[in-house]
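Data first, discussion second: the structure below is written as structure tokens.
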Amino acid sequence: MERTADSKTSLRIAIQKSGRLTDKTIELLKGIGLRFDDYKRNLMVKCRNFDVELLLIRDDDIPEYVQDGVCDLGFVGANVTAETGADVSVLRGLDYGVCRLSLAARKDGDIQQLEDFEGKTIATSYPRLTRRFLENNNIANTNIVTISGAVEIAPRLEVADAICDLVSTGNTLKANGLEELEVILESETQLIQTNKKLSPGKKKLIEKFLIRMDSHQQAERSRYIMMNAPESAVPKIKEIIPSLNSPTVMPLADDHMVAIHTVIPIDQFWIVMERLKEEGATGIVILPIESMIL
Ligand code: PRT
Ligand code: ZN
């Protein structure tokens, strides 16, 4: 059990109870070593080995709970925080729940560009963001209809001329004969923090929590790489590898060969790999990393 100066202090973190972000968020919390009992059936769950309790609620409520200090932290889509206009701080952007909020209209219909939205009816679950975007683009005369789900069928039901909804693959729009015309917000899951005053104990816990998160994220974005290479190729290989620190180079039984161990960022994986092979690297082994403290 993590002990803090203030042993009664527990961080309260809001996460989505049941939806697209739930599994990834729980996976992330487990990935940083937090253990929970039965989070699926309870609204509030205490962590067994860190001073954290989770509040499992609808994602729409998360920004306000964090704003009001009911929860200290929250994991929620940037789209939801932006729509609620909650006064919170964004601590980290996370690479899941990635999507965009877009204006879309019937393919081959009479709305083909932004100006065509003037005077039209737009169905959305994001009235605030939609209105603001249109007004910022000098389209002041629209009728925004707020609906909470299945926004994409509104044009077919003739409830609206166009929609403003979240898009990830674009398949839903396509299946409903709609075309994406304008992206109004790029979104991802974010870790948000309350702007209410926090006790020193809570601040310390948040620091620890962030160190764990950052180590985990860094590890997820990196791979441990081991290879054998001719000793003469080492200077070239050192240039190719965008290593965090200098790589470990160890002699092998064969005098002219060495083993090289290092860490590479995953996004450069294939480029690095191809270039290493060109320099004569063989027996390349890539391993995932559990955690990385820099
Ligand atoms: O019950 P609760 O209120 O908590 O959940 P919810 O139903 O409001 O939200 P949920 O679970 O559907 O989504 C939670 C969050 O996931 C959203 O707020 C976004 O931050 C993020 N997210 C990422 C998405 C999508 N991608 C997404 N594609 N949320 C919704 N969609 C929907 C979209 O509304 C549309 O109906 O998926 C459809 C489009 O998907 P594509 O792949 O066909 O383009
Ligand atoms: Zn919701």
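The values are calculated or read from the model by the stated rules, or taken from the named source; none is laboratory data. All of these numbers come straight from a predicted model, not from anything done at the bench. In this analysis, Cβ positions are derived from the backbone assuming ideal geometry, glycine residues included, and neighbour counts consider all displayed protein chains. For accessibility, only protein heavy atoms count, side chains too; no ligands or nucleic acids. Shrake-Rupley method; radii C 1.70, N 1.55, O 1.52, S 1.80 Å.
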| said: Just want the answer: with Cβ charges of +1 for Lys and Arg and -1 for Asp and Glu, which residue in 288, 233, 271 is farthest toward the dipole's positive end in segment 222-288? | reply: 288
| query | Which whole-number percentage describes the relative contact order of segment 99-187, with Cα contacts under 8 Å and a sequence gap of 6 or more? | reply | 50
| request: Find how much the distance from residue 196 to residue 138 grows on full extension, using 0.36 nm per residue of separation minus their present alpha carbon separation; answer in nm with one decimal. | output: 17.3 nm
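May I ask you to order 281-293, 216-228 by the average number of other C-beta atoms within 10 Å around their residues, highest value first?
The most tightly packed comes first, giving 216-228, 281-293.
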| Percentage relative contact order, the chain, counting C-alpha pairs under 8 Å, at least six apart | 19
| request: Would you mind checking the pairs 17/197; 208/236; 40/174; 30/277; 30/236; 24/203 and listing those with alpha carbons more than 30 angstrom apart? | output: 208/236; 40/174; 30/277; 30/236
| query | To the nearest 20 debye, what is the magnitude of the charge dipole of segment 136-281 about its Cα centre, counting +1 on the Cβ of each Lys and Arg and -1 on the Cβ of each Asp and Glu? | reply | 1040
| How far is it, in nm, from the label point at residue 92 to the one at residue 291 when both lie 7 Å from their Cα along the line to the Cβ? | 1.2
| task | Counting helices only, and only those DSSP H runs with n ≥ 4, report the 222 nm mean residue ellipticity of the chain as the sum of -39,500 (n - 2.57) divided by its residues, in deg cm²/dmol to the nearest 500. | result | -7500 deg cm²/dmol
| field | Apportionment of accessible area to carbon and sulfur, the chain, percent (1.4 Å) | value | 47
| field | Span per principal axis, largest first, for the Cα atoms of segment 88-189 (Å) | value | 41, 30, 23
| Residues with amide H under 5 Å from that of residue 257, placed H, sequence gap 5 or more | 231, 252
| message | How big is segment 155-215 along each principal axis, measuring the range of its Cα positions in Å and listing the largest first? | response | 55, 27, 18
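Show me the three semi-axes of the equivalent ellipsoid for the chain, from the C-alpha gyration tensor (sqrt of 5 times each eigenvalue), largest first, rounded to whole Å.
Each semi-axis is the square root of five times an eigenvalue, giving 44, 30, 15 Å.
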| Roughly what would the spin-label model give for residue 68 and residue 113, points 7 Å off Cα along C-beta, in nm? | 4.6
| note | Going residue by residue through segment 55-70, the Karplus relation 6.51 cos²θ - 1.76 cosθ + 1.60 with θ = phi - 60° gives ³J(HN,Hα) values, rounded to whole Hz and with x marking Gly or Pro, of 10, 9, 9, 5, 4, 4, 8, 4, x, 6, 4, 6, 4, 7, x, 5
| remark: For segment 1-103, the per residue accessible area (1.4 Å probe, Å²) is 47
| field | Relative contact order %, segment 222-288, counting alpha carbon pairs below 8 Å whose residues are six or more apart | value | 53
| query | Taking a probe of 1.4 Å, how large is the accessible area per residue of segment 146-293, in Å²? | reply | 57
| Full-stretch length increase - residue 60, residue 188 - with 0.36 nm per residue and alpha-carbon distance subtracted | 44.6 nm
| query | Could you give the nm distance between label points at residue 37 and residue 171, where each point is 7 Å from its Cα heading toward the beta carbon? | reply | 3.9
| field | Base-10 log of normalised Debye intensity for segment 17-174 (one unit scatterer per alpha-carbon) at q = 0.08, 0.12, 0.15, 0.17 Å⁻¹ | value | -0.31, -0.63, -0.87, -1.02
